[in-house]
Every structure is written in structure tokens, then in C-alpha cells.
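Worksheet: one structure, shown below.
Nothing in this text is a laboratory measurement; each read-out follows from the coordinates by a stated rule. No experiment lies behind these values; they were computed from the predicted model shown. When we count neighbours, we look across all protein chains shown, and the Cβ atoms used for this are built from the backbone with ideal geometry, even at glycine.
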Amino acid sequence: MGFPSAPPPAPAAKKSPTTIIALFVGGMLTLAVLAIVYVLINQPKPPAPGCEPDKVCAPQQSLPPVNGSPSPGVTSVPTTVPASLPPGATTAPFVPPPTPVSNSPVVVSGEVWQSNTLNYSFEYNPNAWELQDGATDDTAVFYSVRFDAQLVIHAVPATTSPAELIAQQLGVIDTLMIGRIKDTDDYDALLGPSIGFVDGEGDVWSGVLLSKDGTPIAPGGVTVMAATDGRLTVSVVVLVGSPDADVGPGTQQHAVRGQADEFLKSFDWDTR
Amino acid sequence: MDPLITCNQCGNQVARLEFCIRCGDPLTDEYGAEQVREQRRRFAAAPDERLNAVALVSTLFPQLPRADMRSFRLAFAAGVAIVAGLALLGFYPIALVSAAVLVPLLMVLYLWDVDIYEDEPVGIIGATMLWGALAAAAFAWLASGLPAPTGFGRANLLDTLIAGVWLPLLEGALMIAGPLVLLRSRRFNDVLDGATFGAASAVSFSGASLIVQSLPIFSAGLRPAGDPLPWVIQMLSFGVLQPVIAAGAIGAFAAAVWLRYRAPISDRNALGPVGQPALALLGAAALIVASGLAKTLLTIIPQTLVLAVIAVVALLWLRRALHLGLLQESREIDVDGEIRCPNCGLMTPEHTFCGNCGISLRAVPSSRRSATADVPAKAETD
């Protein structure tokens, strides 16, 4: 007895193929339209410009007021020149006095973090940033207390160039973010990147942050900069969730970067 | 196909001709035996496919008659194209929603098309899918409360265990919890019932969890910044690979449970490890944890490759569980008149398999089995 060489022809389907495909595509499109409406309703407003055209514009304060910094115990002698002279008196050529030597303690505006082996340090405001457990001599990770943001400072010997260190940090970022591209928005541009008053290089990228299991969870912005003093190369990464969220006078990314200035300005390249 | 065939008469391997070129024996019996072996390697729910074929539609939707399979394949392909197209154009939130609903929507369409539970409470399968969606929402809420879901920092073993092992296992437990409630009902006593409930709950959980966890990106506008290529890959992973892994693992485990506790079989050990709920549970857990660890530890390209391999394993496991379940269930049934096969349209004695096309009649909705007895055949050539 033989077996049929090919299956018998199929009977007519209960629902036509066109119906099934149309229902499926229609269902997907309906849900897509609902999603579009939801997105448009929740779409963020464009960030308000810091200054209005043709009006005087004062710069915004970038850092919170410094609290709890010790006042200098000794102040140097003023070096002012008398404002006026008696009539007929002549003035001797002005010789600038020597720079006074201060014996006052170093002004510290917050907590000091110091690397004992690489000999660098910086300050941070513990009310604004929380140091993650497990910091090492070359890496310190901070969480913003107020915002959805992270700041990472990483130092390596200067054999690694700033560009190479930035590339390394972007490799790590790519495990946290999908579709990272350069943020070309003027509003988010990084102007004159420097760390501890040493000029460096850097840029701003945007994408979508991923959860640990790879689910896209929030739009993200990341600022990466690096500089070198010839002994060390240091990178600073500022990672912000929902960077365009409106927080008072600007966006969340601007607010976080403002807070991050404290790290950059207080960075001491050599504490030896 | 092997170009040679072994002659029964002389035992030599010879060319595939009508007679053995060495001893002149007719090779008819050899071809017949070969065809029997080939038939036995066919999938009981879709006899035109091999048992070990990686076929998504016939495995996830085993009760679809052959005439409808093509429609579902086309619909699935259209869905994949829509997801990829939206991601390429940069509409990431919309692509994400489309990916999340791709397989669940096909599942709903399948259940409506085959009308499996026409004589049961209308919402039985809807309730299963609703359970999956609600459990996913609760899970997403729980997951969002865990500390440091993302970010820099050194690899932390505890975080990795939570994200790669504990949370995926919790997901799996929630996916199967709803269908297991239905195990108490004796009305649902087919292995296909268990597999369908498990797969439906798993895909709805998978889709709903994705949407709920991703809600914040809907506030980033229609086209958030991002390179489209990684998005396309990730969306296909979310839309195809991850629901298939969930449906395969949970569906196969549910099938094993139904086989053990509900299916009317006399020799349950004949199913081997696939039919043992404890081993099936371990297998499902292994697939889920492997998938969770891949998502936690690997970057997008290797992660997608690993997930694809896991999805293939899950699909083949579910397929084998369905196949063995359908074979075993045939043992205790007597021949009872003739019916018209809903798959091929020809008359066949009413038992477990169609005598003409070989499909398991249990893989056809009962409504079609009973309704087709007196309907003339409307064979179409496609």
C-alpha cells in the first residue's frame, strides 16, 4: 500500500486570508494610532530659551549656594592704594606689593574625594550627590539626590589619551543605552570642556536608557568629557534620564550639568 | 535526500532506481519503509511539516487548519515589516508598541479564527490573556521599585542575580499561575488546552510588561533621538524572540502538566522526560534564566544571537511536547463513525488522526470536527 506523495489540497479557510491579514494589520494600526495620540499628549514642550531676544539677560547661577564651608581664619593685609593724595604731593612709581602668603585653610565647599594611589581629588556636595558604594582609586560613581542622573569620574595614567578614554566610556554607555547618537542641539552643546581648569574634549549624546534586562525605560542624555595633565587622563561622564524634562528654568540635563560643575571646578590634578 | 538506498535483498547501498542494480530485487518495499519513517517524522498538528522544523506559526497556533496557516504567516510577516519599518523611520515608541502587540494580536486572531472554546465560557481565553497583562503590570511596578535598575558601576553579583535570574523566574511564575487555575477544570483536558493557555498567558505578559516598563519613553516625543539600526534589532527581539521564548517555555511546561494530570492516557511514562512536570519545570526555568542572563550580561548583537538560539530550542521543545501529547492521547479512543477532515476536506474514520492527510484531529477545534461531518468538501488548490 502506498502513501500519498503529496498532502491533499486544503479545504477553504473559515475566514478568508484577506480578512485575517486585514484584521491583523488593522489591529496593529489602531494600536499604533492610539500610541501616537498618547505620545503626542505627553510630548515635552521645547525648552524655553534662557534669554528673550532684545532683553538684558543675566547669567543663571550654576551652582547652589555653598553651605558649611569654613571661613578663613586669617585674611591677608589689604593692598589698596590710597584713592587720593594731598594737593602738591607727587606719587612714587607704583610698585606692586608681593603677593601675600595666606595661612588660611583651604576652602572646602563640600565633601572631598581623594584617590590615594593616583593622587587626585575633587569636591562634591553631599546634599546633591550620593557616592555609590565600592568606589575605587580610579573610579567614583555618584547618584544625583534630586534628579535621575549619574556622574562617573574615571582616571587612568596618561598613556591613554582623552579620545581613547572617551571611546572606552562610550563602550560602557552602549550597554546602558540604545541607539546612541550625537546630540546636535545647540541648547545641549558642551561649551569649552575642561576638568580642573585643564582644557579637554568632549561631547553630548542622546538615546534611550535600558533597564538591566534591556527594556527601554527612558530617554537619556549623556555628556562625556576627558582631559589630561600629562600624568593622568581623567574622564567625567554625566548620564541623565529624561534629559528634556522641564525642571524650573531649564531642562533636567542642564540642571544636572550645572550641579556637575562643582566636580569639574574643584578637581585637583595633583594632591601630592 | 540520500542519493542511495539500502537494498533489503543484498544489503548493499545502491542507486535510487526501480530495481537494485546489484541483485535485481524490486526496491518498492524499501521506498515504502522509507516513506513510513518519513511520515513518522512529521508534526502531528501539521503533517506537511517536519517534527523538528523551526516553524513559528504551526507551533504557536497548532489548531490552525492548513488553509489558514498561510494567512497567519503573511500576517506575521506583515507585522514584522511594520515593526522594522517604524523603527527604521525613527518612530521608536510606536515601533515598541507594535512589537509588544505583534504576537499577542496574532494569538487573539488565532483564537477567534479557530473558535476553540465555542462551547465554553466566552472569556476563558480572554481571562487567560488578561491575567498575563495584569500580572505584567504588577510585575513592572515591582521591578521599577528595585534599586539601581540601570547605570554605571562595577558588575555587582547581586544585581546580576536579581536582573538575570530572580526577576525572570518571577515572570515565569506569574505567566503560568493563571493557566494553572484552569487545570482544576476537567473540561480542559487536552494537552493542547494546557499549551494554548500557557502560550496565551506568556505572550500577553511579555507584551504588556514591555509596554508598562517602557511608558517613560512615550514622553520623549514620536521620534526620540537614536540610531535606527540597534532599535530594529531590539524591536525584533522584543516582538519575536522574547515572546517565542516565553510561549515555548511556559507552553511546554503547561503541556507537560496537562499531560500528567489531565490527559486521558494510560502510560504516562511513555512520554519520557518531556512529559514529566518536574523536569519540564526545570527545562522552562533553564530557558527563562538563560534568556534573562543573556539580556543582562550581553550587548545587543551577541544578546540577540543567544536569544535566537534559545527561541529555537523553546519552539522545538513546545513542538515536541505537542506532538507527543497528540500521539499519546490517541490510545484510548474507539473509532466512532466518519467525519470530514477540516484540514484536507476528505472523509476519514473519526479517531485521532485523519487517514488522508495525517493531521491530528485533536489539533482541530471541536467545533470544526462536529460541524464538518455533513458539509461537502470544498477543496481548493492554493
Cut-off under 5 Å, modelled amide H: who pairs with B:Asp227 long-range: A:Gly179, A:Arg180, A:Ile181
Extension gain (nm, one decimal) between A:Ala22 and A:Asn119, 0.36 nm per residue minus Cα-Cα: 28.2 nm
Members of A:Lys182/A:Lys212; A:Lys212/A:Lys265; A:Lys182/A:Lys265 lying beyond 31 Å, as alpha-carbon distances in this model show: A:Lys212/A:Lys265
Base-10 log of normalised Debye intensity for the stretch B:165-301 (one unit scatterer per alpha-carbon) at q = 0.18, 0.20, 0.22 Å⁻¹: -0.99, -1.14, -1.30
Amide hydrogen neighbours beyond the local backbone of B:Phe43, cut-off 5 Å, H modeled: B:Glu49, B:Arg50, B:Leu51
FRET efficiency estimate (nearest 0.05) - Cβ-Cβ, A:Val37 to A:Val145, R0 41 angstrom: 0.70
Between the stretch B:196-217 and the stretch A:114-173, the Cα center-to-center distance that results, in Å: 37 Å
Inter-part distance where the stretch A:204-255 and the stretch B:1-50 are each reduced to a Cα centre, Å: 66 Å
The stretch B:295-302 - phi-based ³J(HN,Hα) in whole Hz, Karplus 6.51/-1.76/1.60, Gly and Pro as x: 5, 7, 9, 9, 7, 4, 5, x
Test item: B:87-96 mean partner chain Cβ contacts at 10 Å: 4
Chain lengthening between B:Ala81 and B:Arg186 when straightened (0.36 nm per residue, less Cα-Cα): 33.7 nm
Backbone HN-Hα couplings from phi across the stretch A:21-28 [Karplus 6.51/-1.76/1.60, Hz, Gly and Pro as x]: 5, 5, 5, 5, 5, x, x, 5
Pairwise label distance in nanometres, A:Leu190 with A:Asp138, each label 7 Å out on the Cα-Cβ vector: 2.0 nm
Inter-chain shielding of A:173-179 (mean C-beta neighbours from other protein chains, 10 Å cut-off): 6
For A:Leu210, residues with placed amide H under 5 Å, excluding near neighbours: A:Met177, A:Ile178, A:Ile217
Debye, to nearest 20: dipole size of the stretch A:114-272, +1 on Lys, Arg Cβ, -1 on Asp, Glu Cβ: 180 debye
J(HN,Hα) series, the stretch B:288-294, from Karplus relation 6.51 cos²θ - 1.76 cosθ + 1.60, nearest Hz, glycine and proline x: 5, 5, 4, 5, x, 5, 4
Calculated FRET efficiency for the pair B:Ile21/A:Ser161, C-beta based, R₀ 60 Å, to 0.05: 0.25
Efficiency of FRET from Cβ geometry, A:Lys15 and B:Thr160, R₀ 41 Å, rounded to 0.05: 0.30
